[in-house]
Structure formats: C-alpha cells, structure tokens
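Below is one structure, written out as structure tokens; comments come after it.
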Amino acid sequence: MSKAALCSDRVLLNDWHVVADLTNLSSDEPFHTRLLGADLTIHSRGRYDKEVVRNDTGTLVKSTKRYGFLWACLGKPERDIVFVPEAEEGDRHLVTGGSIAVRVSGLRAVENFLDMGHFPFVHTGWLGDEPHTEVAPYKVELTAADELVATECQFYQPVASPTAKEGFIVDYVYKVIRPYTVALYKSNPVQKHRLDVITLFVQPVDEDNCVAHPFLCYLKEGIDEAGIRSFMQLIFAQDKPILENQVPKRLPLDPRAETPIRADAVAVLYRRWLRDKSVTYGAIPARM
C-alpha cells in the first residue's frame, strides 16, 4: 500500500472499527489491512486469538471480536462497539455479507446507503423500477442518543429481498449510529409486521478508500444464509462502480458544495452532524 495521511479526528481514533471479517483470516498467514491511514498486520495466535499490530510503531492495537468481525481501536475506546439488538433474536440468520473494497471515502459510502433516490436507476428491477421514481417525504431527526434516524420512508421495490414473491411498498427506517456506521431496517416480505436489518460497518482505510462490511440480520423463514449473502453482494456490486465514479471522492461538508433536493433530507443532516462532531477524515471540510 502507498503511504496515506494519518487520521487526527479524536472521535474516530477513539472508536471501534471493523478491520476484518473473521472468515477471511487464516491461521497460517498474516492479514494486512489499513485503518484511518495506519497500516496494520493481523496475526492469528492459535485458532481463536488474534493480534493486531500497527506497522509503523510495532505496537499492539486494541482489538476484539464481535458479530463475526475483528474490531480495532487505534486510540482509547470512549464507548463500546455498536450494539445490534436483533443479533440476539434466535429466529434470525446472522450473516457477514462479504468485505467489499471501494475506492471512495467511507463517508460517501454511508451517504449512498442512505439514498433511496438511486434505487430505480442503479438497482433497476430489484430495489426500484420506473415509473416509481419519486421519494415520498419522510421524517428525519437527531435523537437523544446522538443518532440520526429517518422514519416513514417508503419505496416501491420489485424484489425487496430474496424471499419476495412480488413487488410491494417497502417500509424503511434508517439509523446513522456512528460516522462510519449506518443501519437499515426494512419490511420482511414474509412477516410484514417485522423488519430485516442490515448494518453497514464501513472501515475507513484512508481518506479515499474504504471497505464495506455488511452485517445482515434476516428473519430465517423461507431463506438460507447463502441466499442472503448473494443478494447483498449483487446489490452492492451495482453500487460499487457508481461510488467509485463519485467526484470528488471525499464527502464535501460545506452546505453550498452540492445542491440538495427534498429527498436528500437525511444526507443534509448527516453532513451537518459530521461537522458538529469535527469529523474531517474522508471529508472536504466546510469553508469558514
């Protein structure tokens, strides 16, 4: 890897980030990755123990395992790993959706995940279709837990899930939990009173590159883990070239940089939320 600028944002350095899907780690070979500009090597000590070493200093990095991923914190953790309550429900498949490298800022990847407007044009025949292109008004707010939540989101989808037998209006709830972590709750086609959950843990490799680590909590009825994983990878494969052609690669935080429309309400608040947290890594800061 070429040398990358190191992150200085305290809110990111003192948080946990996914650095590997555990299924990708070999007990024989070290695994090389990067987090916030710092090159890391992951060593397996026996079958279960993992060590994360920072290459520039040779020091051990704080690490732990959860949800099928290896997590690391370059600083001093100020809070716990994101809690996914649905992961404790016994009637759900818990699936890591594959680690997808994307040549774009991780903040751009989060914002794309929040965008319903691209469904009919990027995911045609799956998550959207013409003439159903309008994004209906929805609510978005900053909660007392300092999370962004968008509710009353609805969109017609021809194939909302591997279990879908027909198109229907899908209910969505979006939740931005951390700067690089976003969750999506959407109607299950079989049990329509319950929601499937996709949490996207985005690893900020450096300012212009990321790895997306989806964590899928799907109700088991009518589906297996392989079907869930392949559907997620199909959808993300459609997003990847769009994301990698974004100009600029970093997310502009200046409100005047890109003209928003009504459908972008959650993205507008996301950018403001990042500014308030002094997040600059992977972003183009607002002009003073």
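The values are calculated or read from the model by the stated rules, or taken from the named source; none is laboratory data. From a predicted model like this one, the values you see are computed outputs, not experimental measurements. Because the Cβ atoms are built from the backbone with ideal geometry, glycine has one as well, and the counts that use them run over all protein chains shown. The area values use the complete protein model at the heavy-atom level, side chains included, leaving out ligands, DNA and RNA. Shrake-Rupley method; radii C 1.70, N 1.55, O 1.52, S 1.80 Å.
Remarks
Yes or no, residue by residue, for (1) of a type in the set (F, W, Y); (2) open to solvent by less than 30 Å² (accessible area, probe 1.4 Å):
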site	(1), (2)
L6	no, no
L13	no, no
P30	no, no
H43	no, no
G46	no, no
V52	no, yes
K62	no, no
F69	yes, yes
C73	no, yes
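- Counted as qualifying within the range 1-107 are the strands (runs of 3 or more DSSP E) with 2 or more residues that are charged (D, E, K, R) and outside the structural domain of A226 (by TED's automatic domain parsing), namely 38-45, 49-54, 60-66.
- Matching residues, the range 150-172, being at pLDDT 85 or above and crowded, with 18+ Cβ neighbours inside 10 Å: A150, Y172
Rundown of residues vs (1) part of a helix (DSSP H, G or I); (2) without any contact (Cβ under 8 Å) to a residue 12 or more places away in the chain; (3) open to solvent by less than 10 Å² (accessible area, probe 1.4 Å), yes/no style:
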residue	(1), (2), (3)
Y174	no, no, yes
C210	no, no, yes
F215	no, no, yes
G222	no, no, no
L234	yes, no, no
L243	yes, no, yes
